[in-house]
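Following: one structure in structure tokens, then a few remarks.
The values are calculated or read from the model by the stated rules, or taken from the named source; none is laboratory data. Fair warning: this is a prediction, and the values are worked out from it, not measured in the lab. FYI the Cβ positions are ideal-geometry reconstructions off the backbone, even for glycines, and counts take in every protein chain you see. Each accessible area value is taken on the protein alone, full model and side chains, heavy atoms only, with ligands, DNA and RNA left out. Shrake-Rupley method; radii C 1.70, N 1.55, O 1.52, S 1.80 Å.
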Amino acid sequence: MKALLATSVVLVAGALAFFLLRTRPVENGIVLCGARVPQAPVPPALDEPLFAAVALSLTDEERRTLETVLADANTRWEARANPLLDDLGDGEPDDAFDAWLERAPTPVAVAYAASSPRFCATDGFCVEVLMPASSCSPGFAPVTGHDLERARFLAWPFAHAAWLHAGSEADAARIADTLRAQARARSPKGQMGLVLQAGDELRAREPPFAELRERFLRHEALKRLAKDAGAALEAMKKDAPGERTFPIRLAPADVLVLPGLEALTHRDAFEAELRPYR
């Protein structure tokens, strides 16, 4: 379901934004590198920065609902992972979680859409996203011409992201919280998708977010354990929701705003929402 969610968001965004991507340049400094390489499917998974940003974006009710859904799923996955226990439930352990994801707020869908280490087309053309002024990975090169249009299409959460620079870390945290509250108030008609700030990861380890983080971390580990014990044990040692794939490392005074689908066809409205913080 998570893979379907991410794929659907990419396809819908691409259909809505095709002509926009042809005309609007990348203005945030993020580097897009492309190559044609063999690409095995990688299931989308939220790493620490993305999970933290999602946790801080949810309302109290959404967070508590997700905590309950994950607790129930964890009981089922634990039974499947333990040879001494039986999973007596109906259906799959993640059925309720998948149902929640289908109705999830915009930040969740955008987080999963941004969660891949590479963004690939069916013909093998793949895009990597790098920090501003960074050099491309071996075998990759800065994209130009028609490939640049395709790169923006594939890596749309980053190609149209807004990078804000506050005066201090405290100011950045306040701006991030204000933008999240603004996005919740305007949902689902707002332009913002997911707001990230460097302090998110530490905040997600503290109440009231710590319980959700613990249940999500346990969910990912138990699911891996039930399917692949070796991989699960390695993941548990890292004490993180997933191996880091998020390509941007924010300075303490930075705020990164990934767009929602509405922003791709209403760029002026997206920029207007952010103008007070530029």
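Brief remarks follow.
- Qualifying positions in the range 246-265 - within 19 Å of Phe153 (Cα to Cα) and either in contact with a Cys (Cβ under 9 Å, 6 or more places away or on another chain) or open to solvent by 40 Å² or more (accessible area, probe 1.4 Å) (or both): Leu261, Glu262, Thr265
- Among the helices (runs of 4 or more DSSP H) confined to the range 142-213, the ones with at least 1 residues that are exposed (fewer than 14 other Cβ atoms within 10 Å of the Cβ) are located at 145-154, 169-186, 200-203.
- All positions within the range 62-109 that are among the hydroxyl-bearing types (Ser, Thr, Tyr) and within 18 Å of Arg218 (Cβ to Cβ): Thr65, Thr68, Thr75
- The range 51-91: number of residues that are part of a loop (DSSP other than H, G, I, E, B), at pLDDT 95 or above and hydrophobic (A, V, I, L, M, F, W, C): 1
- Residue in the range 102-119 that is open to solvent by less than 10 Å² (accessible area, probe 1.4 Å) and either more than 24 Å from Leu66 (Cβ to Cβ) or free of Cβ contacts under 8 Å to residues at least 40 places away in the same chain (or both) present: no
- Here Ala133 passes the criteria (1) exposed (fewer than 15 other Cβ atoms within 10 Å of the Cβ); (2) in contact with a Phe, Trp or Tyr (Cβ under 9 Å, 6 or more places away or on another chain) except the one numbered (2).
- Close pairs from the range 214-241: first open to solvent by 40 Å² or more (accessible area, probe 1.4 Å) and among the acidic types (Asp, Glu), partner part of a helix (DSSP H, G or I) and at pLDDT 65 or above, Cβ under 8 Å, at least 6 apart: Asp239/Leu217
- Unique residue being open to solvent by 10 Å² or more (accessible area, probe 1.4 Å) and without any contact (Cβ under 8 Å) to a residue 12 or more places away in the chain when the list is Asp87, Asp123: Asp87
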